[in-house]
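Below is one structure, written out as structure tokens; the observations come after it.
The values are calculated or read from the model by the stated rules, or taken from the named source; none is laboratory data. These numbers were taken from a predicted model, which means no experiment stands behind them. Don't worry about glycine lacking a Cβ; one is built from the backbone with ideal geometry, like all the others, and counts go over all protein chains shown.
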Amino acid sequence: MSESSLRMSAQDAVLVVGAGIMGAGIAQIAAQAGHPVFLFDARPGAAAEARAKLDETLTKLVAKGKLSASAAQDTISRIEPVASLNAAANVSIVIEAIVEKLEPKRTLFQELEAIVNENAILATNTSSISVTAIANGLRHPERLVGMHFFNPVPLMRLVEVVSGLQTSAQVASEVYELARAWRKVPVHARSTPGFIVNRIARPFYAEALALLQEAAATPAELDACVRAAGFRMGPCELMDLIGHDTNFSVTQSVFEANFFDKRYVPSIVQRELVDGGLLGRKSGRGFYTYPASDDKTADEAATPRAATITRAGSVVVHGSGPMADRLAAAATRILAPQQLAPTRQPSSTWIGLDIDGARLALTDGRPAFVVAASTGIDDVAVFDWPLAAEGASGPARLAYAVSLSARPTWQAEAASWLAAMNFVPVPVADAPGLIVARTLCMLVNEAADAVQQGVCTTDGADVAMKLGVNYPAGPFEWLEAWGASRIVAVIQALDEAYRGERYRVSPWLRRACQKMPPGA
């Protein structure tokens, strides 16, 4: 394959194999970019049906004023259903979007290699299968590349451009530029299990499932707290939307592909749902019941409470940085009616409030009972990491836990202080890292390992997670905000609590501790 062959224009023809949701979406965006598109599906009539459905969709967009009639007509006219792969012998690129199984994909590309010209690029839309494995057996494996789109293709901007061991750098570069021409945001990835998004996202589900397994919180409480941190959906409602069978299968695939690394171990909780046919929205029931019935919804998981602060004799703000400053401002406001003011101890190694000898601390990963035992303070409460800006959309739900040794009056008082600081306190079991902190730290840790292993760059990881799964920030943006040392401390606390291989710190993240500030 010569370099001169790798300059595609809008006039170059595209073959899309597979006329399902993904294939039809890819055909649409290629046609909208001006390419003649051949659409093939092994099921007779499926390609024509997909084109007809797309025509209906475009007509509705025209009726809503979101697309001109001429643009809709031009797009649909460029898509030609074909009954045989032989009809597309002269295309410049083939994009496969068939069943997510290795052997059918490998067989298809071997068949295509005998049909298309020697300069045609072969691209697979696989979301998790090794590109290297799919290329095995091809005469020219260097021209096979991953081009992983996200559903729905016309709306989701991210494309993972995945290189196998033998993928030509020129081919990967050409597909990267093609994705940009199609108004997508491509990121380069190396072919490892899960690529970027499906790999880095595993802890988002895994930590929620682990907390459910130890009955630390309800699905509604987990979802409410995670959404308050800026995520569009909580992990439980998102798993219900994806389908537990699909989510469990991807987790199993990543687990097995990583030689049963305990970091990716599937959940008994989710396996039980799958075994029971409780797959989420598509089955009518998962963590929640659909359509909504009398289930306690995520929005009802925590009810705002009135903040009643008893007169405090002494309030000390410990620690430094933006979070400590935020606590100091809140404490100043809360104490003002009593004509009191907090004092500061910026040199403290922890962040939080000392309220008449009781401790209300930002979690460092250790459960409240461990903090109580190590300090000799009975009245201890730890609260989760507040990611959303204070007052951004009203009081934000925030998980907290109280030590077993605490007096009942302190349990109520800790909640009142959090409420007075404009949070909706959500009491959960005294689990290490609570909800948001442990999830965020494990996402950062997984991203750090991906960079360590050459799967992607730090910028690529941030872009992929924000565009591929709509995270409010990228993992390395969180790392910069919170600091490597603080994130490592939480992961080490998780490892101390659970003892196993799952919570091990990425070597990349350990090195980052030596060159990054401690964070906010």
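Points worth noting:
- Output for the range 451-508, where each listed residue is at positive phi and under 11 Å from the mean Cα position of the chain (by Cα): Asn470
- Options Ala412, Ala399, Ala381, Ala431: the member that is under 19 Å from Arg486 (Cα atoms) and without any contact (Cβ under 8 Å) to a residue 40 or more places away in the chain: Ala381
- Applying the set (1) surrounded by fewer than 23 Cβ atoms within 10 Å (Cβ to Cβ); (2) under 23 Å from Phe369 (Cβ atoms) to Tyr503 leaves exactly one unmet item: (1).
- For the range 479-490, a residue qualifies if it is touching a Leu at 6+ places or on another chain (Cβ under 8 Å) and touching a residue at least 60 places away in the same chain (Cβ under 8 Å), and exactly one does: Trp482.
- Among (1) of a type outside the set (Val, Ile, Thr); (2) in contact with a helix residue (DSSP H, G or I) (Cβ under 9 Å, 6 or more places away or on another chain); (3) surrounded by fewer than 23 Cβ atoms within 10 Å (Cβ to Cβ); (4) over 25 Å from Val265 (Cβ atoms), the one test that Ala497 misses: (4)
- Residue ID - farthest from Glu501 (Cα to Cα), chosen from residues in the range 279-293 that are surrounded by fewer than 19 Cβ atoms within 10 Å (Cβ to Cβ) and touching a helix residue (DSSP H, G or I) at 6+ places or on another chain (Cβ under 7 Å): Tyr290
- Considering the conditions (1) under 20 Å from Ala179 (Cβ atoms); (2) at pLDDT 95 or above, Ser9 is excluded by exactly one of them, (2).
- Test for Ala257: is it under 23 Å from Gly460 (Cβ atoms), surrounded by fewer than 20 Cβ atoms within 10 Å (Cβ to Cβ) and either free of Cβ contacts under 8 Å to residues at least 40 places away in the same chain or out of contact with any helix residue (DSSP H, G or I) (no Cβ under 8 Å at 6 or more places or on another chain) (or both): yes
- Some residue of the range 388-399 being within 25 Å of the chain's Cα centre (by Cα), buried (at least 20 other Cβ atoms within 10 Å of the Cβ) and within 25 Å of Gln492 (Cβ to Cβ): yes
- Members of the range 325-363 found to be within 31 Å of the chain's Cα centre (by Cα) and either farther than 20 Å from Gly433 by Cα or modelled with pLDDT under 90 (or both), listed by number: Asp325, Arg326
- Candidate set: the range 186-242, residues that are under 16 Å from Ala431 (Cα atoms) and touching a strand residue (DSSP E or B) at 6+ places or on another chain (Cβ under 6 Å); chosen: the one surrounded by the most Cβ atoms within 10 Å (Cβ to Cβ): Cys225
- So Ser249, is it surrounded by 17 or more Cβ atoms within 10 Å (Cβ to Cβ) and polar (S, T, N, Q): no
- The residues listed here are Ala381, Ala373; of these, the one that is in a strand (DSSP E or B) and modelled with pLDDT of 95 or more is Ala381.
- Whichever residue in the range 310-324 is within 38 Å of the chain's Cα centre (by Cα) and aliphatic (A, V, I, L, M) and, among such residues, is modelled with the lowest pLDDT: Met323
- Take the conditions (1) of a type outside the set (Asp, Glu); (2) outside any loop (DSSP other than H, G, I, E, B); (3) surrounded by fewer than 17 Cβ atoms within 10 Å (Cβ to Cβ); Phe109 misses just one of them, which is (3).
- Residues located in the range 464-488, provided they are surrounded by fewer than 22 Cβ atoms within 10 Å (Cβ to Cβ) and out of contact with any Cys (no Cβ under 9 Å at 6 or more places or on another chain): Lys466, Leu467, Val469, Asn470, Pro472, Ala473, Phe476, Glu477, Glu480, Ala481
- Counting only strands (runs of 3 or more DSSP E) that sit completely within the range 141-222, those holding 3 or more residues that are in contact with a Pro (Cβ under 8 Å, 6 or more places away or on another chain) correspond to 158-163.
- Pairs are defined by a Cβ separation below 8 Å, a sequence spacing of at least 6 or placement on different chains, a first member in the range 236-253 that is β-branched (Val, Ile, Thr), and a second member that is crowded, with 23+ Cβ neighbours inside 10 Å and part of a loop (DSSP other than H, G, I, E, B); the pairs so defined are Val250/Gly194.
- Number of residues in the range 412-434 that are touching a helix residue (DSSP H, G or I) at 6+ places or on another chain (Cβ under 6 Å) and within 16 Å of Ala331 (Cα to Cα) equals 2.
- Answer residue from the range 84-112, given it is over 25 Å from the mean Cα position of the chain (by Cα) and of a type in the set (Lys, Arg) and is nearest to Val159 (Cα to Cα) among those: Lys105
- Being in a loop (DSSP other than H, G, I, E, B), farther than 19 Å from Ile29 by Cα and over 25 Å from the mean Cα position of the chain (by Cα) is a property that Ile115 has.
- Filtering the range 128-176 to residues that are charged (D, E, K, R) and free of Cβ contacts under 8 Å to residues at least 40 places away in the same chain leaves only Arg139.
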